[in-house]
Every structure is written in structure tokens, then in C-alpha cells.
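Computed from the coordinates by the stated procedures, all read-outs in this text should not be read as laboratory data. Given the structure is predicted, the values throughout are model-derived calculations rather than measurements. Cβ coordinates were reconstructed from backbone atoms using ideal geometry, including for glycine residues, and neighbour counts include every protein chain displayed.
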Amino acid sequence: MDDEGLVRLGERLERSPLSYDCRHPIILGKGSHLAALLIRRSHEEVKHFGVNTILCNLRQRYWPIRGKEQVKKILSSCVLCKKWRGNPGVQFMGDLPASRVDFPNPPFTLTGVDYFGPITTKAGFRGGRREKRYGVVFTCLQTRAVHLEVAQSLSTDDLLKPKLQQEGLDWNFNPPFAPHMEGAWEAMVKLAKRAITATTNGAQLTDDELSTVAAECEAMLNNRPLTYVGSDPDDVEPLTPAHFLAAGQLMPLLPSEIQVDEVSPKRRWLFLQSIMLKIWKRWQKEYLPCLQRRPKWNQTVRNLEPGDLVLILDPNQPRGRWLRGKIEETFPDDRNVVRSAKVLTQNG
């Protein structure tokens, strides 16, 4: 303790040419308000650099007890640091919706839709003008079957309206800026883009050629295995989306001793229904348990609350131009976990 009653660090650096304050820094207690103020000032002096830089600057005169812990706590509340270095908010991974686990339904009863692209095509074989086309992925949320279409533009009039306006469909739209809530079809978009890129190998196609490639890629995606593929030749054939789409694909999955009366349409229909029932039972026992684990987002974090200030991530803008917003309303799920919110920005 010095003459002014301040507790200072010991004398191990007494012979060094450093200043007295640096050789004997004032000890700051853990969690004190004074320590927080000094750390915040040091943080601003070093232009919002990291923990080590702040401690080096602070220890020229002060020695905070458990300094790294105190500095990290101050940094976590710095608005400017959050703006420039904050990570996107995450939440505990939710349960799969009923549309993914309910059965049995005909394929594409519950469907996810998404666009990808653009894909450049040419209007002729030589010297034709270039046009932008877009791929459209329809994926069955239960069987994971895929249907690919080629759209002229991103307008719904080009594809959805003429084909679907008379079907009486119920549409459910996910919140914007929430790709993590669209994983079922985002994964299929990734596979479709990879298949088309590998097939075309960078070549520019005509519209007809692109439609042909899309059909071929659709067939490949629908023959991908959904369940474990073993190395034993006696293992049962793995399920694929194609097994749910065509009755002919189901025949290898059945015992060879089954006899079918091909003359009776009724018995034939009952036979096909029994095939589908066996497939759905396998889907329930072999495929559904594979969806049990949560590969990430395993911990519950603090819910967003009205009044919280947030940054709205925009991949098309540099971070300094991202919009700032204020949470107006939150929408918790059945477990009271907030997964979407209404945000007020300067644009409304």
C-alpha cells in the first residue's frame, strides 16, 4: 500500500527502467465499478481492439484482478464492437415440423419450393444472344423427392401461376432473412446446383438443352439413398425417393415368393397398396431415426425481446451499411422459444 492508501502490485520489476506506475500498478478489484470504467476508457483509447491490446494498455498503470474475464465482459456490452464484429444470432434447433414426420401421404402432398440461379443460356448454337434462366426446386418434405423446372424469370407468373392457381393450395411463407428455416429445400438447391454444374461443365446451353439437363439431374437426385448403404451384399436395398414415385421401383424390395394375380385389378391394387405400406414402414423405422440428432445449435440462448436493438444482415451490402432495427414484436413457438420477430427500421 502506498502513501495515498492505494494497493499496488509487488516489487519484482523494481530494477527495471519502467515508470513507477508501470512497476507498481494499482490493483483493481474484480467486478468494481471503477474497474469497469477504466477498462471501458482503455477500450476506447486503443480504438476498440481486442482483449490483449486493452490489457497491455491498462497495465501501464492498473492491474485488474482476473483481467481477461473483466475485459471480455465489457467487450460483450460494447455496441460498436457488436456492430462491426458481432455474430448472427442463433437459437436452439427446433423440432421438425409435422410436415416432415407425418405419414403416409402421396409424394408432394407437402412441398417446399425455392428458386436458384441465374443460369445463362444462349438463343442459338452460334452467336445467339444470352438469356438468364432460373432453376426451380420442388421437394417433397416427407419422401425428399425432387422435381426441377426451368423458369424464364423470378416472376411467379412465369411458372407458379399458370400451373398452380387452380389447385387450391395452402401456402405457408417463412420469415424473410431466415434461410435456416428453409433447410429442407436449401439442401436440395445445393444438390441441384452441384448436379447441373457437374453435368454442363461450364458449357452454355440452349433452353431445350437446359430442360433436358434438369430432367436428368432430377432423376439422379431421386435415386440418391435416404438410408444407410451397407457393404454386405445381403443388406436390404436402401430406400430412395424414387421408390415412392414409381411402383416399378418398389419390386426389388419385396420377397420373390409373393404371387400376384395380374388378371384382377382389385387384387393388383391391393398388392400395390401393400407394397407402399411396407415402404412407409421402412421409412418410419430406417429414415426417421436418422433425423433425431441436432448437429448444431444445441444450447438455448436468451430470447429476443421487444426493445432490443439489432443489425439486419445483408450479404449484398458491406457491414457498415447494414440496417439497424428495433424489435417490436416476437413470435415464440410452442416451447416459448423465439424464432422470429417483427423489426422496425428506418425504412419501416
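Details
- Hull volume per residue, based on the alpha-carbon atoms of the range 20-85 and their convex hull, is 72 Å³.
- Neighbour cut-off at most 14 other Cβ (10 Å), DSSP loop, chymotrypsin sites (Phe, Trp or Tyr not before Pro), the range 164-229: TRP171, PHE173, PHE177, TYR228
- When GluC sites (Glu not before Pro) are flagged only if DSSP places them in a loop and at most 16 other Cβ atoms lie within 10 Å, the longest unflagged stretch of the chain comes out as 15-166.
- One decimal place: the segment SER211-ASP21 gains 60.8 nm when fully extended, by the rule 0.36 nm per residue minus the C-alpha distance.
- Here the range 180-223 and the range 37-60 have alpha carbon centers that stand 52 Å from each other.
- Straight Cα distances below 30 angstrom link LYS190 to the lysines LYS122, LYS132, LYS161, LYS163, LYS281, LYS285, LYS296, LYS342, with same-chain residues fewer than 8 positions distant left out.
- Karplus 3J(HN,Hα) series, Hz, for the range 51-64 with 6.51 cos²θ - 1.76 cosθ + 1.60 (x for Gly, Pro): 4, 5, 5, 5, 5, 4, 5, 5, 6, 5, 9, 10, 10, x
- Relative intensity, log₁₀ I(q)/I(0), of the range 1-110 from a Debye sum that treats every alpha carbon as a point, q = 0.17, 0.21 Å⁻¹: -0.86, -1.11
- Rounded to 10°, Cα long-axis angle of helix 207-222 versus longest principal axis of the chain: 80 degrees
- Phi to ³J(HN,Hα) by Karplus 6.51 cos²θ - 1.76 cosθ + 1.60 over the range 228-235, Hz, x for Gly, Pro: 4, 9, x, 8, 6, x, 8, 5
- Residues whose amide H lies under 5 Å from that of ILE27, counting only those 5 or more places away or on a different chain, are VAL7, ARG8, LEU9, TRP63; hydrogens are built 1.01 Å from N in the peptide plane.
- Set of lysines near LYS30 by C-alpha distance (under 26 Å), chain-local residues within fewer than 8 positions excluded: LYS47, LYS68, LYS72, LYS73, LYS82
- With Cα atoms as the point set, the chain shows a radius of gyration and Dmax of 30.6, 110 Å.
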